[in-house]
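K.L.:
A single structure is presented below for examination.
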Amino acid sequence: MNAKPLFLPLMRRYFEAFVRGEKHTEFRQVSKRWNLDKVTVGRPVTLSSGYGSHSRLQGVVESVKVAHSSTLPEEDRTAVLECYGGDVELICIGIKIDRQEA
């Protein structure tokens with residue numbers, strides 16, 4: 001697949017959870033940018049701790065689905081409510097980490 005990598009800036013705590021292997025799914029509110037046409041299985045992903053270039057992970061989308069935040073496990077739903085302020089339609093992006101950039 002030759003698609004440009006998705007760029008996903010993350011809060012430090014969520015980025016570090018990916019680094020530790022504790023987090024495998026990222027949630028974004030469905031929009032023109034975040035939808036099933038743009039986020040596809042096999043597309044490369046760059047995870048970033050914030051918008052800086054010092055801490056990055058490279059990976060690939062291994063699963064993608066749309067779900068309402070009210071159907072998520074409590075821990076994930078709490079994080080979504082904190083970020084978006086209410087229940088929303090989400091694109092759930094399963095990510096397999098390939099490597100960490102120095």
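The values are calculated or read from the model by the stated rules, or taken from the named source; none is laboratory data. Since we're looking at a predicted model, the values are computed, not measured. Note that each Cβ is placed from the backbone with ideal geometry, even for glycine, and that neighbours are counted across all protein chains shown.
K.L.:
Cβ contacts < 6 Å: first residue modelled with pLDDT of 95 or more, restricted to segment 1-12; second residue exposed (fewer than 12 other Cβ atoms within 10 Å of the Cβ) and of a type in the set (Asp, Glu), any location; separation 6+ or different chain. Result?
P.N.:
Here the result reads none, with nothing in segment 1-12 linked to a residue that is exposed (fewer than 12 other Cβ atoms within 10 Å of the Cβ) and of a type in the set (Asp, Glu).
K.L.:
So, one more: Quick one: count up the residues across segment 53-66 that are touching a Lys or Arg at 6+ places or on another chain (Cβ under 7 Å) and buried (at least 17 other Cβ atoms within 10 Å of the Cβ). Talk me through it step by step, then tell me what you get.
P.N.:
The initial filter retains those residues of segment 53-66 that are touching a Lys or Arg at 6+ places or on another chain (Cβ under 7 Å), namely 58-62.
Filter once more, keeping what is buried (at least 17 other Cβ atoms within 10 Å of the Cβ): 59-61.
Residues meeting the conditions: 3.
K.L.:
Looking at residue 89 and the list (1) at pLDDT 95 or above; (2) closer than 15 Å to residue 8 by Cβ, which single condition is not satisfied?
P.N.:
(2)
K.L.:
Hey, another quick one. Find the residue count for segment 22-52, including only residues that are touching a strand residue (DSSP E or B) at 6+ places or on another chain (Cβ under 8 Å), modelled with pLDDT under 95 and either exposed (fewer than 13 other Cβ atoms within 10 Å of the Cβ) or among the aromatic types (Phe, Trp, Tyr) (or both).
P.N.:
Matching residues across segment 22-52 total 2.
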